[in-house]
Amino acid sequence: MLSKNFMLRGIKTPCLLDGKKSEEGVLFVHGNPGSGADWKRLLEPLSDFTYAAAPDMPGFGEAGKPDDFNYSIEGYKEHLNLLIEELELTQVHLVIHDFGGAWGLAWAIENAEKIASITLVNVGLMRDYRWHFFAKLWRTPIIGELVMKIPNWITFRLGLKIGNPRGLPPEYLDGVIKNFDRGTKKAVLKLYRNTNVEKMNEVLVNNAIKSLLPLNIPCLVIWGKKDMYVPYKYATDQKEIFPEAEIVLFEDSGHWPFIDNPAEFEKILIRFLKKIIT
């Protein structure tokens, strides 16, 4: 496995890479508060049969966190496009989670001819989705800044016990706590305040109907049923855009099924991708 730093319009973008370099590959896109390291366990088994990449997106992990980056769906979509061009991928198997879902889907809609498959992890195209409790706090001026002053160990070690009955490994939480610095906190506030979730989802769904639906793109949907941020009721809604989607519900997982049940997640993802790639 290789860790490489790309400079994309002056922004440091670390990326984990594994497998033989190819124009076809799997691209993992994390959300908030993740990083490319979220997917590290999956890269080695995938490298047996495909090329795989997992970047830290701007504002997260060890990526650059400049004040002047466009912390919005549009900004991240463009950054993702720069990365895909740098990786020289022409056929992309997207694996997307949390806010990475919005970034990845926005890119996919505009680049449908490059999409080989999509795996949606506790995220998707959701017409009536509304912000969860913490998002509402982050979007509120002054209150959001005050919330961000809560020590990271309280926010993550205690806060994430709710809605994650299997628990999250200490080493995962350590990484999140380490990376959730001042730059990431500012990025999160800007991202949520720049995103009108109702408008975003309506636009994404309508554009996906035009762009993605006619192509019948292979799709895997994995959802933890205990997710307190994005309810699993949206899992079956993905068949509106991906009629033949395979839907897998993890009964006792929360928002991070690839972290709290990694062995089962790996088995399901690799089985799905092997059917398409090999």
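Taking the range 255-267 as the range and being farther than 12 Å from Trp39 by Cβ and either in contact with a Ser or Thr (Cβ under 9 Å, 6 or more places away or on another chain) or touching a residue at least 60 places away in the same chain (Cβ under 8 Å) (or both) as the test, the residues that pass are His255, Pro257, Asp260, Asn261, Glu264. Scanning the range 116-146 for residues that are in a loop (DSSP other than H, G, I, E, B) and in contact with a His (Cβ under 9 Å, 6 or more places away or on another chain) yields Asn122, Val123.
Of the residues examined, Leu146 is one that is free of Cβ contacts under 8 Å to residues at least 12 places away in the same chain, over 27 Å from Lys21 (Cα atoms) and not hydroxyl-bearing (Ser, Thr, Tyr). Which residues, counting only those in the range 194-242, are in contact with a Gly (Cβ under 8 Å, 6 or more places away or on another chain) and not in a loop (DSSP other than H, G, I, E, B)? Residues satisfying the conditions are Val221, Gly224, Tyr232, Tyr234, Asp237, Gln238. For the range 130-146, indicate whether the set of residues that are among the hydroxyl-bearing types (Ser, Thr, Tyr) and crowded, with 16+ Cβ neighbours inside 10 Å is non-empty. Within the range 130-146, not a single residue is among the hydroxyl-bearing types (Ser, Thr, Tyr) and crowded, with 16+ Cβ neighbours inside 10 Å. If only residues of the range 161-184 that are assigned to a helix (DSSP H, G or I) and in contact (Cβ under 8 Å) with a residue 40 or more places away in the chain are counted, the one that is surrounded by the most Cβ atoms within 10 Å (Cβ to Cβ) is Val176. Among the residues of the range 243-261, the ones that are assigned to a loop (DSSP other than H, G, I, E, B) and more than 18 Å from Arg130 (Cβ to Cβ) come to 9 in all.
Can you pull out every residue in the range 235-278 that is open to solvent by 70 Å² or more (accessible area, probe 1.4 Å), touching a strand residue (DSSP E or B) at 6+ places or on another chain (Cβ under 8 Å) and β-branched (Val, Ile, Thr)? If the condition is that a residue be open to solvent by 70 Å² or more (accessible area, probe 1.4 Å), touching a strand residue (DSSP E or B) at 6+ places or on another chain (Cβ under 8 Å) and β-branched (Val, Ile, Thr), then Thr236 is the only one that fits. Please determine whether any residue of the range 157-167 is at positive phi and within 19 Å of the chain's Cα centre (by Cα). Within the range 157-167 (the criterion being at positive phi and within 19 Å of the chain's Cα centre (by Cα)), the answer is yes, since at least one residue qualifies. Only a single criterion out of (1) closer than 28 Å to Glu74 by Cβ; (2) among the small types (Gly, Ala, Ser); (3) open to solvent by 20 Å² or more (accessible area, probe 1.4 Å) is not satisfied by Ala187, namely (3).
The values are calculated or read from the model by the stated rules, or taken from the named source; none is laboratory data. All of these numbers come straight from a predicted model, not from anything done at the bench. As a convention, Cβ positions derive from the backbone with ideal geometry for all residues, glycine included, and neighbour counts pool all protein chains shown. Surface accessibility is based on the protein's heavy atoms, side chains included, excluding ligands, DNA and RNA. Shrake-Rupley method; radii C 1.70, N 1.55, O 1.52, S 1.80 Å.
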